[in-house]
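So the structure is just underneath, and the comments pick up after that.
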Amino acid sequence: MNKPILIAGGGIAGMAMALTCHEIGVPCRVLESVRTLAPLGVGINLQPNAIRELDDLGLAHHLPEIGIEATEWALVGRNGNDVWSEPRGTLAGYNWPQWAVHRGELQMMLYRAVNERLGADAVLTDHRVVGYENTPDGVRVKVQHRDGSSTMMDGALLIGADGLHSATRAQLYPDQGAPVWGGAVLWRCTALGEPIRSGSAFTLVGGLDQRFVHYPISAPDPETGLQVQNLIAELTFDPADGWRDSDWNRKADLDDFLPQFEDWNFDWLDIPEMLRSASAVYEYPMVDRDPVDSWVDGHMALIGDAAHVMYPVGSNGASQAVVDARVLGAKLVEFGVGPEALSAFQDQLLEPMNALVLRNRGAGPVGILGLVDERCGGVFDDISDVIPRQEVEDFMAKYKAAAGFAIDELNGAPRTIPLGATVEGAGAA
Ligand SMILES: Cc1cc2nc3c(=O)[nH]c(=O)nc-3n(C[C@H](O)[C@H](O)[C@H](O)COP(=O)(O)OP(=O)(O)OC[C@H]3O[C@@H](n4cnc5c(N)ncnc54)[C@H](O)[C@@H]3O)c2cc1C
């Protein structure tokens with residue numbers, strides 16, 4: 001049998017990569033550092049470009065089990081008045097919906113599909129990738145286990161899908177240092193609550209230095225009418241003062257941020273009350289990494305956050321992780337399992353993703369709230385007195401085009417991986 005593609009990391013990108021390899025008939029193994037995969041994290045949004053790919057993978061029917069279709073996106077000023085609201089997904093004209101889901105449940109859904117389709121030995125847990133070396137016809141990967149032992153594994157390629165603290169990226173860029181913190185800290189949690197607005201809106205309240213995000217990640221319970229709602233409180237500090245290391249799973253206290261939101265109580269949304277009813281709160285200093293010139297090193301390529309971790313301000317992280325896996329799969333079909341496919345993947349995505357990382361540093365689509373702050377301190381009665389509708393429309397259209405989810409382009413694009421396409425002679429496991 002041909003050597004498998006080795007995938008470092010069983011997160012969203014790694015699992016999507018494994019399912020894609022299976023679809024195109026290429027053997028693969030996922031090497032995941034944790035001993036047991038668990039549904040960690042809180043809410044994330046999957047844009048139509050990613051939903052399209054999940055649909056092509058035959059997984060879209062699982063989405064109602066892990067989230068809710070998102071139909072509205074709204075920006076709200078500090079005084080609770082609307083700045084902007086727009087339909088999302090199919091209501092906005094996309095051929096595919098947008099979904100708001102639980103990040104950990106998405107990962108587990110993909111994991112189950114990998115197990116069912118590729119077999120239970122496709123994902124090897126307690127396999128932390130700590131290094132690799134290119135060989136004439138592939139790659140040797142060093143894997144460490146919790147008991148202190150290590151293993152060498154041979155692969156045709158190594159795909160570095162090992163996230164924010166990627167070891168594969170660190171080998172390629174030993175001097176990159178810690179992730180870059182720009183001063184914002186997010187406190188993330190979930191709470192049960194009654195539907196607000198359209199019942200599945202992404203609602204962002206505030207300005208650039210302090211804001212609150214609310215979106216449901218489940219349909220209302222038929223008996224109680226309550227939904228699981230994803231809540232994010234965000235404050236900005238002086239980056240020069242530094243913060244604790246970035247970690248998606250660090251637990252925090254309400255007292256760290258609730259006092260700053262005590263008076264954010266509007267007739268339609270009681271933010272302090274909602275935050276008080278939340279289950280565990282997780283703190284995340286909003287970090288990214290400076291863009292790099294290459295994601296490819298011979299038979300190794302980075303995808304997902306390992307390649308282009310960015311501020312979670314435009315719902316791009318998980319969506320792009322899925323899209324990366326699919327684009328790489330298409331290149332494997334076109335060029336075969338080798339460095340040429342990796343280069344072609346990079347040629348297509350490196351430049352636009354690097355631009356998106358930098359664009360998201362500028363607050364992404366939320367930049368509109370910065371303009372409102374500048375012009376009226378976020379307090380207004382009628383938003384058209386502050387910012388003309390056309391100005392917001394132009395801003396949003398530019399962002400969507402840059403993030404790869406311009407409506408016409410996405411609707412008109414052929415399938416990323418043609419139906420039934422496989423890699424000749426790859427020898428599927
Ligand atoms: C525990 C956790 C919770 C998160 N919660 C949220 C959230 O609430 N909201 C949000 O917007 N984003 C969250 N994220 C980030 C989000 O999942 C990513 O931004 C996005 O999905 C891109 O996915 P990815 O697969 O590139 O990275 P990730 O989803 O981060 O997956 C990386 C995977 O690689 C594994 N790994 C790391 N190092 C190694 C190594 N050396 N060898 C082998 N495996 C390794 C990790 O255990 C993880 O499973 C979270 C990530 C994690 C890991």
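Coordinate-derived values only; no laboratory data. This one's a predicted model, so the numbers in the text were calculated from it and none came from an experiment. No Cβ is skipped: glycine too gets one built from the backbone with ideal geometry, and neighbour counts run over all protein chains shown.
Annotations for the structure displayed:
- The smallest convex shape that holds all Cα atoms of segment 1-128, its convex hull, gives 120 Å³ per residue.
- Relative counts (whole %) of C-alpha pair distances in segment 254-341, using bins that are 10 Å wide: 13, 29, 22, 17, 12, 6
- The share of C-alpha pairs in segment 1-53 whose separation exceeds 14 Å stands at 62 percent.
- Projected label points at V130 and R146, each 7 Å from Cα along the beta carbon direction, are separated by 1.6 nanometres.
- If you wrap the Cα atoms of segment 74-232 in a convex hull and average its projected area over all directions, you get 15.1 nm².
- The relative contact order of the chain, computed from alpha carbon pairs under 8 Å that lie at least 6 residues apart in sequence, is 22 percent.
- Principal semi-axes of the equivalent ellipsoid, √(5λ) from the alpha carbon gyration tensor of segment 145-301, are 37, 21, 15 Å from largest down.
- Lysine pairs meeting the criterion (Cα under 30 Å, 8 or more apart or interchain), as found in the chain: 5
- Charge context of G304, other residues only, Cβ under 10 angstrom, K/R +1, D/E -1: -3
- Residues in segment 190-206 that a label on L226 would reach, taking backbone N under 13 Å of a point 7 Å out along Cα→Cβ: 190-195
- Spherically averaged projected area of the chain from its Cα convex hull (nm²): 20.7 nm²
- Compactness relative to 2.2 N^0.38 Å, alpha carbon Rg of segment 78-117: 1.84
- In segment 198-299, trypsin sites (Lys or Arg not before Pro) in a DSSP loop with at most 13 other beta-carbon atoms within 10 Å: R244
- Here the average projected area of the convex hull drawn through the C-alpha atoms of segment 200-246 stands at 4.6 nm².
- Partnerless Cys - the chain, beta-carbon criterion under 4.7 Å: C189, C376
- R0 of 22 Å, Cβ-Cβ distance D247-N115: FRET efficiency to nearest 0.05: 0.20
- Rounded Å value of the spacing that divides the Cα centres of segment 81-156 and segment 265-292: 25 Å
- Relative intensity, log₁₀ I(q)/I(0), of segment 302-429 from a Debye sum that treats every alpha carbon as a point, q = 0.09, 0.21 Å⁻¹: -0.37, -1.23
- Spin-label pair D137/Q176, simplified geometry with 7 Å Cα→Cβ offset, distance in nm: 3.1 nm
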